[in-house]
Every structure is written in C-alpha cells, then in structure tokens.
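Novice: There's a structure below that I have some questions on.
The values are calculated or read from the model by the stated rules, or taken from the named source; none is laboratory data. All of these numbers come straight from a predicted model, not from anything done at the bench. Heads up, the Cβs are rebuilt from the backbone with ideal geometry, glycines too, and the neighbour counts pull from every protein chain shown. Accessible surface areas use protein heavy atoms only, side chains included; no ligands, DNA or RNA. Shrake-Rupley method; radii C 1.70, N 1.55, O 1.52, S 1.80 Å.
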Amino acid sequence: MESLIIHEKIKKSRLPARLDLIQSGTGLILGLFMWVHMMLVGSIVLGKGVFNFVAKTMELSFLSSTGHGYPAAVFFAVLVIFTLFIIHAGLGMRKFPISWKQHAIFRNQMGMMKHEDTNLWYIQVVTAFIMFFLGSVHLYVMLTNPGQINAELSAARFITHNMWPLYLVLLFAVELHGTIGLYRLAMKWGWFDKLEWFNQEDRGGARKYLKVLKNRLTIFFLALGLLAWLVFTVIGIRL
Ligand code: HEM
C-alpha cells in the first residue's frame, strides 16, 4: 500500500522540469552576460584610456557631477552574477556523472555514438567543473575589489597578483561553456526551429546553421579574450 502511495507522489513531481527551466534561464543570462563582459574587458585592446572609460562607465560615473564612479554599482552587479553563477552551478551538478562507473559508461557511449552534440555535453561538464573553482576565485576578487578596476590595477592582478594562469584557463572554459550552452538551449527549447529563414538557400536548417554560428562566435570571443589577455600581461610586466 505505502509503495503505491509513494510511487504515486514521485510520478507527479514537476520539480525536475522546473529546475531545468531555472537552469536554462540562469544559463541564458550568464551566457549573454559573458559576451558583454568579454566585449567590455576586450576594450583594453583599444588602449588604456578606452578601458578606463568603460570601467568608470560601469561604475555609473555619468551619474555624478564630478565624474567619480560608484564602486557599489559594480559590487551589486558582481553580487547578482555570483548568485546566478552559484544557482546555475548547483542545478548543473544534478546532471554530472556522479560516480566513476557513470563516467565510464558515458565515455563508452560517447566513443560508440560519435555524436557531436553528445561530445559537446561532455565539454560542458568538464568546463563547468573548471569554472566551479576558477570562476569563484575571479568573482570573489571582483566582489571585494569593486573600485579597483582600471588598466593598471587590472594588469597588476594579471602579473603582480599572478592571476594570468587562472584567467587563461578560465577564458577557454567560459567561452566554450557559454557558447555551447547557448547553442544547446536553442536546440533544447527549439527557439529557432519554426523560423523559415534557416531552411532557405543552403543554410541547412536551424541546427546546422546555429552550429556554424556557435563555432564562429567561440573563435571570435577566444581571439578577443586572448588578445586582451596578452595586452594585460604586457602592461602588467611593464608596471
Ligand atoms: C559582474 C561580474 C564580473 C565582473 C565585474 C568582471 C570583471 C572583470 C575584469 C575587470 C576583468 C579584467 C581583469 C581584472 O581586472 O582582474 C575580467 C577578466 C576576466 N573575467 Fe570577469 N568579471 C565578472 C564575471 C566573470 C565571470 C562570471 C567569468 C567566468 C566564469 C569571468 C571570466 C573572466 C575572464 C576569463 C577574464 C580574463 C579575460 C582575458 O584575459 O581576456 N568574469 N573580469
């Protein structure tokens, strides 16, 4: 009798679907945030003056008559992103292979299926694991130094505070995870499936076209990120 009642209860739960929706929602926001973040950080490529202007604008300096910024604005932005980051990571852990046996089974299936989207999922798991640690360090540093963002101080974090290896690994992890994540969301929720545009000329349908777009965006953001990484490193060495 009890087992019938318990089975009844489990069957009806909509919780997993709701958690998937929250994970997709936080993933969408974080993915789009990372594209904006990379453009803002990438402004260092255009020179220290441009980067400092962007950093001050992010501190809402245009709201003050003296032009000084409000580090509290960056503090709250980091707090929101850090909270979304933790929620997304916590929900993402539900999908991780939790034992070596599960991991081995998944790797075997990957080897047999040779299915690109399944391989992409594995990259998601590995990059997510890396970001648990490296992303948290970066976010904590930003949370506790919201007013310490300009070309020299950022470059000092790269070299004097030895963040250059962390940023290099995190750059690859976040750009792969973010762009694959947005592609998988578009596939999972079918956002573009009904758009006739994707089936016209030789676009080959939404999945094929979005995969090409995903690869191009990954290359673009990695190239911009590596260039910014290089510029920060050179400025930091010269400090
Ligand atoms: C609101 C939250 C965030 C702020 C304010 C922020 C700010 C910054 C700033 C100012 C830099 C330049 C280096 C420095 O000053 O130390 C930077 C670099 C970087 N950030 Fe963030 N960040 C945020 C969130 C994130 C998140 C969530 C990730 C990934 C999980 C991330 C990944 C990176 C990477 C990889 C770099 C190095 C970029 C490069 O070398 O080209 N950031 N961030």
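Novice: Starting from the residue with the highest accessible area, list TRP100, TRP189, TRP229 in decreasing order, probe 1.4 Å.
Specialist: The ranking, largest first, comes out as TRP100, TRP189, TRP229.
Novice: Grab the eigenvalues of the alpha-carbon gyration tensor for region 133-199, scale each by 5, take roots, and send me the semi-axes largest first in whole angstrom.
Specialist: Values: eigenvalues 260, 30, 25 Å².
Over the Cα atoms of region 133-199, the semi-axes work out to 36, 12, 11 Å.
Novice: To continue, here is another question. Have a look at LEU153, VAL41, PHE132 and report the one farthest towards the positive end of the charge dipole of the chain, computed about the Cα centre with Cβ charges (Lys/Arg +1, Asp/Glu -1).
Specialist: Most positive-ward Cα: PHE132.
Novice: With a length cut of 18 Å (Cα positions projected on each helix's long axis) and a Kyte-Doolittle mean of at least -1.0, go through the chain and give me the DSSP H helices that pass.
Specialist: 15-41, 71-92, 100-113, 116-144, 164-189, 205-238
Novice: Separate question: Length gain on complete extension for the stretch ARG238 to VAL36, per 0.36 nm per residue less the alpha carbon to alpha carbon distance?
Specialist: Between ARG238 and VAL36, full extension yields 69.9 nm more.
Novice: Test of understanding: in a Gaussian network model of the chain with alpha carbons linked when under 10 Å, which of ILE44, ILE105, ILE29 would top the mean-square fluctuation ranking?
Specialist: ILE105
Novice: For region 21-238, what is the accessible area per residue in Å² when the probe is 1.4 Å?
Specialist: 56 Å²
Novice: Calculated from DSSP H runs of 4 or more alone, at -39500 (n - 2.57) each and per residue, what is the 222 nm mean residue ellipticity of the chain, nearest 500? List each step's numbers first, then the result.
Specialist: Numbers: 9 runs with 182 residues, N = 239.
The helix contribution divided over the chain gives -26500 deg cm²/dmol.
Novice: In what order, largest first, do PHE82, PHE33 sit by accessible area if the probe radius is 1.4 Å? Let's see the in-between values first.
Specialist: On the way: PHE82 30, PHE33 70 Å².
Accessible-area ranking of PHE82, PHE33, largest first: PHE33, PHE82.
Novice: Okay, next question. Dividing the convex hull volume of the Cα atoms of region 21-238 by its residue count, what figure in Å³ per residue is obtained?
Specialist: Taking the convex hull of the Cα positions in region 21-238, it is 154 Å³ per residue.
Novice: Report the relative contact order of the chain, percent, no decimals, based on alpha-carbon pairs under 8 angstrom and at least 6 residues apart.
Specialist: That works out to 28 percent.
Novice: Residues with beta-carbon under 15 Å from that of THR127, excluding THR127: net charge, scoring Lys, Arg +1 and Asp, Glu -1?
Specialist: +2
Novice: Assigning unit charges at the beta carbon (Lys, Arg +1; Asp, Glu -1) and nothing else, what dipole magnitude in debye, to the nearest 20, does the chain show about its Cα centre? Let's see the in-between values first.
Specialist: Details: 23 positive and 12 negative charges, 107 e Å.
Rounded to the nearest 20 debye, it is 520 debye.
Novice: Heavy atoms only, probe 1.4 angstrom, no DNA, RNA or ligands counted: give me HIS103, HIS161 ranked by accessible area, highest first.
Specialist: These residues rank, largest area first, as HIS161, HIS103.
Novice: May I pose another question? Using a basic spin-label model with each label point 7 Å from the Cα along Cα→Cβ, how many nm lie between ILE29 and GLU196?
Specialist: My value for the distance between the label points is 3.6 nm.
Novice: Moving on to the next point. Please compute the modelled spin-label separation between PHE132 and LEU19, points set 7 Å along Cα→Cβ, answer in nm with one decimal.
Specialist: Between LEU19 and PHE132, the simple spin-label model gives 1.5 nm.
Novice: For region 167-239, what is the relative contact order in percent, using Cα pairs closer than 8 Å and at least 6 residues apart in sequence?
Specialist: 40 percent
Novice: Ignoring everything but the protein chains, give the 1.4 Å probe accessible area of SER65 in square angstrom, nearest 10.
Specialist: 130 Å²
Novice: Then there is this: Can you give me the % of accessible surface on the chain that is carbon or sulfur? Probe 1.4 Å, all protein chains present, nothing else counted.
Specialist: Of the solvent-accessible surface of the chain, carbon and sulfur hold 71 percent.
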